[in-house]
Amino acid sequence: MFAVSAVYAGLLALTSSEPVHRLWGEIAACGYAVALLGVLLPDLAISAALLGGLVVPLTVLAVRHMRQPEVDVIARSASLLIHHGTPYESAAQLAGTTDPNAYNPYLPVMALFGLPRAIFGDGLWSDPRVWFALVFIAAFYWALRIGGAVDAWRWTALVTASPIVALELSAGGDDGPMVAFLCLGFAVLAGRSRPAVIWAGLALGLAAGMKATTWPALAVAFALLARRDGWRAATRFALVAVAVVVVCVGPFLTHPQALVDNTIKFPLGLAGISSAAASPLPGHLIAGLGHAGHTIVVVLLVLAAVGIGAILVIRPPATVARAVLLLAGAMTLMFLLAPSTRFGYFIYPAALVLWLFAVMPAQRGEVTANADDEAAQPASERTPRRPSEKPS
């Protein structure tokens with residue numbers, strides 16, 4: 001891992017056209033190289049990777065006021081929230097703008113991360129990225145502990161130091177808290193009690209209150225609970241998660257047009273102005289062909305959503321492990337087809353898979369528990385299985 005990370009960071013420093021990414025690559029390559037040299041001392045190597053991949057570059061970038069545009073978008077949304085009671089520019093103000101960063105594609109909870117900067121001004125500890133990183137580390141560690149991972153602190157440091165997480169947290173960071181809360185929600189779902197369902201609804205509902213990108217997780221979790229624990233548990237989860245989203249978004253429905261323009265039309269490319277997010281992925285390349293290309297991408301996204309929904313209905317996941325893999329695959333497909341996308345979005349499927357890998361021994365126990373529960377049921381109450389159907 002350290003060798004591949006060092007090569008990746010070095011190549012990014014040499015080839016990237018983004019000053020933020022180049023500076024991160026220069027610093028991170030040194031940190032990963034030191035980690036590789038000290039690999040026989042695991043704690044020292046992980047510490048070097050974490051310092052070189054995240055702590056030092058994030059500090060340098062924050063002090064030099066170098067960041068990706070989304071950091072300023074979130075800070076401005078917090079300022080709007082304080083002074084105008086809404087984190088969004090009005091539809092009238094957006095009508096004449098040519099600046100894509102005037103739009104705020106995030107849901108209201110995300111504005112909380114910009115409050116320190118809006119209140120105290122631009123500085124290291126008021127930089128939203130610092131708080132993104134702290135929340136990611138705390139929530140991801142909690143998800144590992146609840147999921148039963150051995151050496152949760154080492155796993156947290158190692159995953160946080162990996163390029164796909166460290167680069168995202170250092171340059172922009174906004175996706176970090178959301179993916180950590182997704183892991184936390186599914187870690188809680190591994191428990192089989194009523195409080196576990198409620199806590200999972202709170203965690204996943206909070207993630208859904210930050211950005212619509214996380215909404216597929218609600219559908220996957222609902223399907224998992226419906227098959228594993230029954231419709232009552234699934235309904236209880238859905239009510240809690242939806243209630244959290246309503247509490248987060250409801251107060252801002254007094255200006256519905258601004259909410260729709262910022263969080264729905266703009267991410268889908270329907271606002272008359274293109275997002276600054278661009279990577280040479282299939283969806284962006286097809287959308288670049290013009291109106292017909294954009295229409296094709298939207299149709300492909302709808303078809304992908306219908307296909308994933310059909311899987312959830314016909315063969316819903318029976319374990320947390322299968323649910324997480326299904327969600328990771330769905331998100332990967334969504335990011336590949338999105339008209340406005342960037343490689344950093346793959347922090348979602350990558351972090352989910354890394355979390356699952358770390359807790360896999362404990363999740364194997366969940367599969368055994370499900371099999372034991374089914375065997376203990378009276379024959380008349382068991383769900384009939386087709387001859388060709390294998391156990392999950």
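Of all the criteria given as (1) touching a Lys or Arg at 6+ places or on another chain (Cβ under 9 Å); (2) touching a residue at least 60 places away in the same chain (Cβ under 8 Å); (3) under 25 Å from Ile146 (Cα atoms), the one not satisfied by Leu281 is (3). Considering only residues that are in a loop (DSSP other than H, G, I, E, B) and touching a Leu at 6+ places or on another chain (Cβ under 8 Å), which ones fall in the stretch 1-43? Listed by number, the residues that qualify are Met1, Gly38. Being without any contact (Cβ under 8 Å) to a residue 40 or more places away in the chain and either within 21 Å of the chain's Cα centre (by Cα) or closer than 17 Å to Thr160 by Cα (or both) holds for only one residue in Ala29, Ala45, Ala49, Ala78, and it is Ala29. Just one residue in the set Gly329, Gly365 is at pLDDT 75 or above, surrounded by fewer than 21 Cβ atoms within 10 Å (Cβ to Cβ) and of a type in the set (Gly, Ala, Ser); that residue is Gly329. For the stretch 136-146, the candidate set comprises residues that are buried (at least 18 other Cβ atoms within 10 Å of the Cβ) and not hydroxyl-bearing (Ser, Thr, Tyr); within that set, the residue that is modelled with the lowest pLDDT is Ile146. Per the conditions (1) buried (at least 20 other Cβ atoms within 10 Å of the Cβ); (2) touching a Gly at 6+ places or on another chain (Cβ under 7 Å), the sole criterion not satisfied by Ala234 is (2). Is it the case that some residue within the stretch 68-78 is more than 28 Å from Gly121 (Cβ to Cβ) and buried (at least 21 other Cβ atoms within 10 Å of the Cβ)? No, there is no match, as no residue in the stretch 68-78 is more than 28 Å from Gly121 (Cβ to Cβ) and buried (at least 21 other Cβ atoms within 10 Å of the Cβ).
Checking each residue of the stretch 116-129 against the condition of being touching a Gly at 6+ places or on another chain (Cβ under 8 Å), closer than 25 Å to Gly205 by Cβ, crowded, with 22+ Cβ neighbours inside 10 Å and without any contact (Cβ under 8 Å) to a residue 40 or more places away in the chain gives no match. In this structure, is Val244 surrounded by fewer than 18 Cβ atoms within 10 Å (Cβ to Cβ) and at pLDDT 80 or above? For Val244, the condition - surrounded by fewer than 18 Cβ atoms within 10 Å (Cβ to Cβ) and at pLDDT 80 or above - is not met.
Pro316 falls short on exactly one of the conditions (1) within 24 Å of the chain's Cα centre (by Cα); (2) in a helix (DSSP H, G or I); (3) modelled with pLDDT of 75 or more, and that condition is (2).
If we scan the stretch 261-275, do we find a residue that is over 30 Å from His294 (Cβ atoms), part of a helix (DSSP H, G or I) and among the basic types (Lys, Arg)? No, every residue in the stretch 261-275 fails to be over 30 Å from His294 (Cβ atoms), part of a helix (DSSP H, G or I) and among the basic types (Lys, Arg). For the stretch 282-296, the candidate set comprises residues that are part of a loop (DSSP other than H, G, I, E, B) and small (Gly, Ala, Ser); within that set, the residue that is surrounded by the most Cβ atoms within 10 Å (Cβ to Cβ) is Gly288. Restricting attention to the stretch 219-243, the residues being in contact with a Leu (Cβ under 6 Å, 6 or more places away or on another chain) and either without any contact (Cβ under 8 Å) to a residue 24 or more places away in the chain or polar (S, T, N, Q) (or both) number 1.
The values are calculated or read from the model by the stated rules, or taken from the named source; none is laboratory data. Everything quoted here is computed from the prediction, not taken from an experiment. Don't worry about glycine lacking a Cβ; one is built from the backbone with ideal geometry, like all the others, and counts go over all protein chains shown.
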